[in-house]
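Colleague: One structure, pasted below without further comment.
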Amino acid sequence: MPGTTMLTPHVPSLYDPINVYKPVAADIGIVDGPFEYLTMIGVRLPLPFTTRMTVVHLRTGDLFLHSPIAFDAALATQLQSMGTIRYLISPNQFHYAHIGEWSRAFPDAITCASPGVLRRARARRIDVQFKRDLGPNAPQEWSDEIDQTAIPGGIFGEIVFFHKVSKTLILTDTIINIELDKMSQPWRLATWLTGMYYPRGQIFFGMRLPLLLQRKKSRAAIERVLAWKPERIILSHGRCFESNANAILQRTFNWAL
Ligand SMILES: [Fe+2]
């Protein structure tokens, strides 16, 4: 019960171990990263949050890195032992900051841009080049194994992915499920007020109004996600949902349908 621990002092904690591949199912796993910090108008706020990369091992031997975390040489070596680091994916305008680091280490990798991310990176002078744009349909290179669609959300709009064989939905910020015990005050209280915390998780609050304003597009995207019938959901922030994905999606998206 969050209210009972709300005022207890806590030290923010990570999803240890970090920077190592953790299998989730056949050919898909996650890598939890170090803390990142929210910046506003170029100022770094003292708000540490955890982030997570998803790695899909394609049948060609290529690796698909969704939302790469900060580059780490030992992690890169581990991933190289598993396959070829081929696709570096920015799923939304807020997850791209480390793609430049990975692409400088692996210049043959194909950097893939979410809509609007290049403009955002340029405005913030983040050094990253993109070779490919992502859209609502999966490109031929991975469409047999990974499907995708675009969830409308204004600047928070996101390309979401579905790994078919493991029935895993890969989300970035669309659903947030922060574990309050991993946060310190005053951020823990602020997160509690948003309702976007474990175990229920919620649609990221910044997406809700844009989802309603583009109801037709939203409904089509949500229905496509539901039709995939995912069994688990990987999230970039907070605790993933290892099972009951369909019930979680029904609960979180129902109001937008
Ligand atoms: Fe995020």
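Colleague: If we count every other residue with Cβ under 12 angstrom of Leu58's Cβ, Lys/Arg +1 and Asp/Glu -1, where does the sum land?
Modeller: Here the count lands on -2.
Colleague: Also, quick follow-up: Contact order normalised by length for segment 49-196, with contacts defined as Cα pairs under 8 Å and 6 or more residues apart; what percent is it?
Modeller: Contact order relative to length: 16 percent.
Colleague: In addition: Contour minus end-to-end for His10 and Lys164, with contour as 0.36 nm per residue of separation and end-to-end as the Cα-Cα distance?
Modeller: 51.6 nm
Colleague: Additional query: If you take the charge dipole of segment 143-196 about its Cα centre, with +1 on Lys and Arg Cβ and -1 on Asp and Glu Cβ, which of Leu193, Ala150, Leu171 is farthest toward its positive end?
Modeller: Leu193
Colleague: Within the chain, which whole H helices from DSSP have a Cα span along their axis of at least 15 Å and a mean Kyte-Doolittle hydropathy of -1.0 or more, if any?
Modeller: 215-228
Colleague: Separate question: Given labels modelled 7 Å from the Cα in the Cβ direction, how far is it in nm from Leu45 to Ile155?
Modeller: Calculated label separation equals 1.3 nm.
Colleague: Compute the FRET efficiency between Asp133 and Arg200 as 1/(1 + (r/R0)^6), taking r as their Cβ-Cβ distance and R0 = 41 Å, and round to the nearest 0.05.
Modeller: Calculated transfer efficiency: 0.75.
Colleague: Quick one: among Arg86, Arg44, Arg219, which has the greatest mean-square fluctuation in a GNM of the chain with alpha-carbon springs under 10 angstrom?
Modeller: The residue with the greatest mean-square fluctuation here is Arg44.
Colleague: Still on this structure, please answer the following. Counting only DSSP beta bridges with both residues in the chain, tell me the antiparallel percent, nearest 5.
Modeller: Antiparallel bridges: around 65 percent, rounded to the nearest 5.
Colleague: Can I ask one more? Per the helix-only calculation at 222 nm, which mean residue ellipticity applies to the chain, given -39500 (n - 2.57) for every DSSP H run of n ≥ 4 and division by its residues, nearest 500 deg cm²/dmol?
Modeller: -7000 deg cm²/dmol
Colleague: Give the residues of segment 147-163 whose amide nitrogen is closer than 20 Å to a point set 7 Å from the Cα of Trp255 in the direction of its Cβ.
Modeller: Those under the cut-off are 151-158.
Colleague: Additional query: Quick one: which residues, 5 or more positions from Ile30 or on another chain, have an amide H under 5 Å from its amide H? H modelled 1.01 Å from N in the peptide plane, none for Pro or chain starts.
Modeller: Answer set, sorted by chain and number: Lys22, Val24, Val55.
Colleague: For Ala247 and Arg104, calculate 0.36 nm times their separation in residues minus their Cα-Cα distance, and state this gained length in nm to one decimal.
Modeller: Gain on stretching Ala247 to Arg104: 47.4 nm.
Colleague: Check cross-link reach from Lys217 to the lysines: straight Cα distance under 21 Å, and skip same-chain residues fewer than eight apart.
Modeller: Partners found: Lys229.
Colleague: Modelled label-to-label distance, Ala25 and Ala74, 7 Å Cα→beta-carbon offset: nm?
Modeller: Calculated label separation equals 3.0 nm.
Colleague: I need the semi-axes of the equivalent ellipsoid of segment 38-98: take the C-alpha gyration tensor, multiply each eigenvalue by 5, square-root it, list largest first in whole angstrom.
Modeller: 27, 13, 8
Colleague: A follow-up question, please. Between Thr111 and residues 5 or more places away or on another chain, which pairs have amide H atoms under 5 Å apart, with H built 1.01 Å from N, and which residues are they?
Modeller: Correct list: Leu88, Lys131, Arg132.
Colleague: Which aspartates and glutamates does Lys182 reach when only Cα atoms under 16 Å apart count, and residues fewer than 8 places away in its own chain are ignored?
Modeller: Straight-distance partners of Lys182: Asp16, Asp32, Glu36.
Colleague: What's the Cα-based Rg to Rh of segment 24-164, Rh via Kirkwood?
Modeller: For segment 24-164, the value is 0.94.
Colleague: Roughly speaking, what % of Cα-Cα pairs in the chain are separated by over 33 Å, rounded to a whole number?
Modeller: Above the 33 Å cut-off, the chain has 15 percent of its Cα pairs.
Colleague: Residue by residue through segment 116-129, what is 3J(HN,Hα) from phi via Karplus (6.51 cos²θ - 1.76 cosθ + 1.60, θ = phi - 60°)? Round to whole Hz and write x for glycine and proline.
Modeller: For segment 116-129, the Karplus curve yields x, 6, 5, 4, 5, 4, 5, 4, 9, 6, 8, 7, 8, 10 Hz.
Colleague: Leu226 to Ser81: extension gain in nm, 0.36 nm per residue of separation minus the Cα-Cα distance?
Modeller: 48.8 nm
Bear in mind these aren't lab numbers, they're just calculated from the coordinates by the rules spelled out. Quantities reported herein were computed from a predicted structural model and do not represent experimental measurements. FYI the Cβ positions are ideal-geometry reconstructions off the backbone, even for glycines, and counts take in every protein chain you see.
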